[in-house]
Amino acid sequence: MIDLLVMPVLMLSFFALQLERENIGNGLRDFVLRDAAIPPNQFNIGQQLLSADIMLLEAFSMSTI
């Protein structure tokens with residue numbers, strides 16, 4: 001019964017994370033860094049933090065199964 005409540009939430013959250021990854025890639029191709037005057041090093045740190053958060057969430061979701 002709890003699976004019916006938890007699985008849709010997890011699926012939706014992973015779908016949202018994948019969309020975020022794709023949006024970042026599209027933004028880089030469209031010269032967002034240049035337009036927003038963000039240095040590449042600052043963007044790389046943000047990407048690393050996002051990846052670390054995603055890995056933590058994925059590890060947590062796998063440990064609850």
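The values are calculated or read from the model by the stated rules, or taken from the named source; none is laboratory data. This structure is a prediction, so every number in the text was calculated from the model and none was measured. Methodologically, a virtual Cβ is constructed for each residue, glycine included, from the backbone with ideal geometry; neighbour enumeration extends over all protein chains shown.
Structural remarks
- For ILE65, the conditions (1) among the β-branched types (Val, Ile, Thr); (2) part of a helix (DSSP H, G or I); (3) at pLDDT below 80 are fulfilled apart from (2).
- Enumeration of residues in the range 25-51 that are aliphatic (A, V, I, L, M) and over 9 Å from the mean Cα position of the chain (by Cα): LEU28, VAL32, LEU33, ALA36, ALA37, ILE38, ILE45, LEU49
For (1) surrounded by 11 or more Cβ atoms within 10 Å (Cβ to Cβ); (2) free of Cβ contacts under 8 Å to residues at least 12 places away in the same chain; (3) part of a helix (DSSP H, G or I), each residue gets a yes or a no:
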{"residue": "MET11", "(1), (2), (3)": "no, yes, yes"}
{"residue": "ILE24", "(1), (2), (3)": "yes, no, yes"}
{"residue": "ILE38", "(1), (2), (3)": "yes, yes, no"}
{"residue": "ILE54", "(1), (2), (3)": "yes, no, yes"}
